[in-house]
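Let me begin by presenting the structure, written as structure tokens, before commenting on it.
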Protein chains: 2
Amino acid sequence: MAQPTLDTFQVIADPSRRKMLKLLSKNSLTINNLADNFDMSRPAVSKHVKILHTAGFISIQDIGRERYCILKQDGFNELQEFISYFDKFWVSKLKKLETLLNNKLDNKNN
Amino acid sequence: MAQPTLDTFQVIADPSRRKMLKLLSKNSLTINNLADNFDMSRPAVSKHVKILHTAGFISIQDIGRERYCILKQDGFNELQEFISYFDKFWVSKLKKLETLLNNKLDNKNN
DNA sequence: TGGATATGTAATTTTTAAGTTACGTAAATG
DNA sequence: CATTTACGTAACTTAAAAATTACATATCCA
């Protein structure tokens, strides 16, 4: 696993990484804690963690030889922007439809 | 480009496909209209469109020999659920923090 | 009706992400 | 202080997505 710099969307495209985020929303976990929840090797988990960290989805706190992974909001921002962009689109589309319908009703009543 | 069935997250992981969705939020476009906005070959665009369609991000309307791509809300649902799951997480985390702070203030005032 | 246009599909190649094994290092522990 | 534990990293392999080229088909138009 070379370390490509993945963008926000590529980061959450991986099901394992999404599962990690969900796990971390319950508890902060060490790399080994995380690895217990997956079938893959520990180094693989370690690399996923690095990717999540780089992309701002988690922060990491070293305590002795352990690394705690803590969910972090930053990574989600770009996703939220994306969604909200299209949310606005749907809302405005709906409004246009409403206007159209109202006009039709008005015409009928005249 | 074989046609693997990509999940919602994989679909938007591709920058070209995200760009297509943005373009389609301005206007409905044919395959060739879309292709004009990209460096890649037309068949490549065609395949991206198929992927977007399969995943419910667009609907397609054939008019003669042209295919119009129209933005569709369905594909975005899973993304919204994902985001809202973590949104709730941040909100509840914030509330816990508030409670904690309030308790500390109360203690001071006693 | 014949050529141009708009598109899909199949075969192949290229690219890249994801996984594994093997190994190295620093902290804890008996 | 030797060993175990918790991790990182490098080298390599595997798998899968993305792009291209070449070709097929259906519609439109002169």
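The values are calculated or read from the model by the stated rules, or taken from the named source; none is laboratory data. Since we're looking at a predicted model, the values are computed, not measured. Here the Cβ positions follow ideal geometry from the backbone for every residue, glycine too, while neighbour counts run over all protein chains shown. Protein only, heavy atoms only, side chains kept; ligands, DNA and RNA dropped before computing areas. Shrake-Rupley method; radii C 1.70, N 1.55, O 1.52, S 1.80 Å.
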Inset, instruction - Could you check B:GLN61 against (1) closer than 21 Å to A:LEU94 by Cβ; (2) within 14 Å of chain A (Cβ to nearest Cβ) and say which number it fails? - result: (2)
Inset, instruction - Could you tell me whether any residue of the stretch B:35-52 is more than 17 Å from A:PHE9 (Cβ to Cβ), among the hydroxyl-bearing types (Ser, Thr, Tyr), in the same structural domain as B:ARG67 (by TED's automatic domain parsing) and out of contact with any His (no Cβ under 6 Å at 6 or more places or on another chain)? - result: yes
Inset, instruction - Specify which of the listed residues (B:LYS50, B:LYS26) is among the basic types (Lys, Arg), more than 24 Å from A:LYS88 (Cβ to Cβ) and out of contact with any strand residue (DSSP E or B) (no Cβ under 7 Å at 6 or more places or on another chain). - result: B:LYS50
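Matching residues to (1) over 24 Å from B:PHE89 (Cβ atoms); (2) within 14 Å of DNA strand D (Cβ to nearest atom); (3) not charged (D, E, K, R):
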position	(1), (2), (3)
A:GLN10	no, yes, yes
A:ASP14	no, yes, no
A:MET20	no, yes, yes
A:ASN33	no, yes, yes
A:CYS69	no, yes, yes
A:ASP74	no, no, no
A:LEU94	yes, no, yes
Inset, instruction - From the list B:LYS104, B:LYS95, B:LYS47, B:LYS72, pick out the single residue that is open to solvent by 50 Å² or more (accessible area, probe 1.4 Å), within 16 Å of DNA strand C (Cβ to nearest atom) and more than 14 Å from chain A (Cβ to nearest Cβ). - result: B:LYS47
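How about the stretch B:1-83: which helices (runs of 4 or more DSSP H) wholly inside it have at least 3 residues that are free of Cβ contacts under 8 Å to residues at least 40 places away in the same chain and on the phi < 0 side of the Ramachandran plot? Give the derivation first.
Numbers: elements: B:8-13, B:15-26, B:31-36, B:42-54.
Output list reads B:15-26, B:31-36, B:42-54.
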Inset, instruction - Mind listing whichever residues of the stretch B:6-34 are farther than 13 Å from B:PHE57 by Cα and either among the basic types (Lys, Arg) or not assigned by TED's automatic domain parsing to the domain that holds B:ARG67 (or both)? - result: B:LYS26
